[in-house]
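The next block holds one structure in the form of structure tokens; read it before the comments.
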Amino acid sequence: MPVVMDADRIGRTLARIAHEIVERNKGVDDLALVGVRTRGVPLARRLARSLQEITGHDVPTGALDITLYRDDLMRHAVGPQPQVRRTEIQFSIDSRKILLVDDVLYTGRTTRAALDALIDFGRPKAIQLIVLVDRGHRELPIKADYVGKNLPTSLEESVQVRLLEIDGQDEVVVDGGAA
Amino acid sequence: MTTASEIDKKPAVTALRHKDLLGIADLSAEEIALVLDTAEAMKEVGTRPIKKVPALRGKTVVNLFYEPSTRTRTSFEIAEKRLSADTLNIAIGTSSVVKGETLADTALNLEAMSPDMIVLRHSSSGACHFLSRICQSAIINAGDGMHEHPTQALLDAFTIRERKKQLKGLKVTIIGDLLHSRVLRSNIQLLTKMGAEVWVCGPPTLIPTDIRRFGVQVTSKVDDAIVDADVIMLLRIQLERMEGAYFPSLREYFRVFGMTEERLRLARPEVMIMHPGPMNRGVEIASEVADGPYSVILDQVANGVAVRMAVLYLLAGGAEHEDAA
């Protein structure tokens, strides 16, 4: 079970992404962070903390649950429903640049669902995508604006992002596939 | 803001075991918690500028109501529309039922048009169980006779949990027509399963003889029932179901059992006053109490939509095990 990112590396990567956000947007004035449940949420909170340290400004941060927008919902005639969790976006997204945060970018279907969900909250000026790991194998025309690590994988492998807030430790591991 | 531990709290179960929601009797405590947790997420959808999610796109839901209903039917319809389901309302007055068609024939004919779910309100206890045996569609009980009204009990539980954080250990007092009430039967099963201490109170003529088997305290002394209550739920005096003389007059009922501000002082300071509606003001509840600061009666109505969205969503995927076979 090879560890491809440890706690230090995850910390440095997020710090770098925070600086990239400030550089690219020339500050944090009309920005807001929205984490995709589950692990995008603590990542968004950490980025908000870094942005506060860098610029002295608070960036509004929310949590988005995309379950009700999944394109595989109701595809199976019989099967348990994925669990729905609460979306919490307590600010207007109208005319803001939204930084959408997720842990792993894979097929792009979660991001597609997240974009649809966000649009139901208003009309943002722009949406930028931040991911900790891009493992490839896109099935939709979606590309991240900020990537923590590009990680070429095979379809048989699985990528697990573990975070302190949820899993008790920070690491990214790759499981399975041919040795 | 939620904490990280809340974000990832894993539910004990992630699906309902049955294809239908016929009554609280069929639900475990874990399944009830799942419905309530899901309803919390659904409630947020109702606060958005666009109150609609695509989850049930392409699903058809038939609302088949054999009894009058304002709240429940409207609530189901709003819930269905917020989930993007296609809905169909059958008003019995203008349907073939007036020509003598039986419930089974009506249901089988509706089912021939392949709906995914049927929401049924019927005056006969057990009508939903009957339909569940002959229909492939998921059946949701919206009230059957004097038997059960599960979504009402779920929305009551949701409303209590919203204020009191948990149901366990609360003293919940239910006062009114215990004999004819399906809301009571669903509520006492749900509340006892979730660990609440349930008291029921009403005129001796309106107390069913076997009520104690549900594990509740029974009394006709209203003060005993109210003292230290965390929640007081009032039930409607169902004049339309009363063929006999159960008590001398409505005025006397109000004098002995009616919820007044004075009586309310016996309860706990943060008591919640609930009523499933429609209310008879001046019979089971005084207007000052119904409109007073402890009343959560309109919260119940608002929460009904979220809870019904949760039930529709959880049943739309089909059953987890048993009925799949």
Legend entry - Every residue from the range A:55-69 that is surrounded by fewer than 17 Cβ atoms within 10 Å (Cβ to Cβ) and among the charged types (D, E, K, R): A:ASP58
Inset, instruction - Might you let me know whether the range B:103-113 holds any residue that is in contact with a helix residue (DSSP H, G or I) (Cβ under 8 Å, 6 or more places away or on another chain), closer than 26 Å to B:GLN300 by Cα and open to solvent by less than 10 Å² (accessible area, probe 1.4 Å)? - result: no
Inset, instruction - May I ask you to list the residues in the range B:49-65 that are open to solvent by 10 Å² or more (accessible area, probe 1.4 Å) and either facing chain A (nearest Cβ under 8 Å) or over 17 Å from the mean Cα position of the chain (by Cα) (or both)? - result: B:PRO49, B:ILE50, B:LYS51, B:LYS52, B:PRO54, B:ARG57, B:GLY58, B:LYS59, B:THR60
Legend entry - Residue satisfying condition, being of a type outside the set (Phe, Trp, Tyr), more than 14 Å from every other protein chain (Cβ to nearest Cβ), in contact (Cβ under 8 Å) with a residue 60 or more places away in the chain and within 21 Å of A:PRO42 (Cβ to Cβ), within set A:LEU99, A:LEU105: A:LEU99
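Each row is one residue, and each column tells you yes or no for (1) within 15 Å of B:ILE175 (Cβ to Cβ); (2) open to solvent by 40 Å² or more (accessible area, probe 1.4 Å).
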position	(1), (2)
B:ARG236	yes, yes
B:LEU239	no, yes
B:PRO248	no, yes
B:PHE254	yes, yes
B:ALA267	yes, no
B:MET272	yes, no
B:PRO276	yes, no
B:GLU288	no, yes
B:SER295	yes, no
Legend entry - Pairs, first of a type in the set (A, V, I, L, M) in the range B:202-219, second open to solvent by less than 40 Å² (accessible area, probe 1.4 Å) and in a loop (DSSP other than H, G, I, E, B), C-beta under 6 Å, six or more apart: B:LEU206/B:ASP177; B:LEU206/B:LEU178; B:ILE207/B:LEU178
Inset, instruction - Out of the residues in the range A:120-166 that are touching a strand residue (DSSP E or B) at 6+ places or on another chain (Cβ under 8 Å) and of a type in the set (Ser, Thr, Tyr), state the one that is least open to solvent (accessible area, probe 1.4 Å). - result: A:TYR146
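Results for (1) on the phi < 0 side of the Ramachandran plot; (2) touching a strand residue (DSSP E or B) at 6+ places or on another chain (Cβ under 7 Å); (3) touching a residue at least 24 places away in the same chain (Cβ under 8 Å), shown as yes or no for each residue.
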site	(1), (2), (3)
B:ASP228	no, yes, yes
B:VAL256	yes, no, yes
B:GLY277	no, no, yes
B:ALA290	yes, yes, no
B:ASP299	yes, no, yes
B:ALA306	yes, no, yes
Legend entry - In the range B:279-319, residue modelled with the highest pLDDT [restricted to those that are outside any helix (DSSP H, G or I) and within 14 Å of another protein chain (Cβ to nearest Cβ)]: B:GLY317
Legend entry - Which numbered condition B:ALA85 misses (of (1) buried (at least 16 other Cβ atoms within 10 Å of the Cβ); (2) within 20 Å of the chain's Cα centre (by Cα); (3) in contact (Cβ under 8 Å) with a residue 60 or more places away in the chain): (2)
Inset, instruction - Spot the failing condition for A:PRO80; the list is (1) modelled with pLDDT of 95 or more; (2) over 25 Å from A:LEU140 (Cα atoms), and only one is missed. - result: (1)
Inset, instruction - Find the residue count for the range B:217-234, including only residues that are within 20 Å of the chain's Cα centre (by Cα) and crowded, with 23+ Cβ neighbours inside 10 Å. - result: 4
Legend entry - Failed condition for B:CYS128, given (1) touching a helix residue (DSSP H, G or I) at 6+ places or on another chain (Cβ under 9 Å); (2) open to solvent by less than 10 Å² (accessible area, probe 1.4 Å); (3) closer than 22 Å to B:HIS18 by Cα: (1)
Inset, instruction - Taking the options A:ASP58, A:ASP72, name whichever one is assigned to a loop (DSSP other than H, G, I, E, B), of a type outside the set (Gly, Ala, Ser), out of contact with any Cys (no Cβ under 8 Å at 6 or more places or on another chain) and over 29 Å from B:LEU56 (Cα atoms). - result: A:ASP58
Inset, instruction - Would you list the strands (runs of 3 or more DSSP E) that sit entirely within the range B:181-260 and hold 1 or more residues that are within 22 Å of B:ALA142 (Cβ to Cβ)? - result: B:231-234
Legend entry - Answer residue from the range A:90-119, given it is crowded, with 21+ Cβ neighbours inside 10 Å and in contact with a Phe, Trp or Tyr (Cβ under 7 Å, 6 or more places away or on another chain) and is farthest from B:ILE50 (Cα to Cα) among those: A:ALA113
Inset, instruction - Could you please find all residues in the range B:19-33 being away from every other protein chain (no Cβ under 12 Å) and either touching a helix residue (DSSP H, G or I) at 6+ places or on another chain (Cβ under 9 Å) or crowded, with 16+ Cβ neighbours inside 10 Å (or both)? - result: B:ASP20, B:LEU21, B:LEU22, B:GLY23, B:ILE24, B:ALA25, B:ASP26, B:LEU27, B:SER28, B:ALA29, B:ILE32
Inset, instruction - Answer yes or no as to whether A:GLN52 is part of a loop (DSSP other than H, G, I, E, B), polar (S, T, N, Q), out of contact with any Lys or Arg (no Cβ under 6 Å at 6 or more places or on another chain) and open to solvent by 60 Å² or more (accessible area, probe 1.4 Å). - result: no
Inset, instruction - Tell me, yes or no, whether the range A:74-88 has at least one residue that is within 14 Å of chain B (Cβ to nearest Cβ), open to solvent by 50 Å² or more (accessible area, probe 1.4 Å) and farther than 24 Å from B:ALA316 by Cβ. - result: no
Inset, instruction - Output yes when any residue across the range B:76-83 is charged (D, E, K, R), more than 8 Å from chain A (Cβ to nearest Cβ), in contact with a Leu (Cβ under 6 Å, 6 or more places away or on another chain) and in a helix (DSSP H, G or I), and no when none is. - result: no
Legend entry - Failed item in (1) more than 19 Å from B:LEU234 (Cα to Cα); (2) assigned to a loop (DSSP other than H, G, I, E, B), with B:ASP177 passing the rest: (1)
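The values are calculated or read from the model by the stated rules, or taken from the named source; none is laboratory data. These figures come from a predicted structure and were not determined experimentally. Cβ sites come from the backbone with ideal geometry, for glycine too, and all protein chains shown count toward neighbours. Just so you know, the surface numbers come from the protein's heavy atoms only, side chains and all, with ligands and any DNA or RNA stripped out. Shrake-Rupley method; radii C 1.70, N 1.55, O 1.52, S 1.80 Å.
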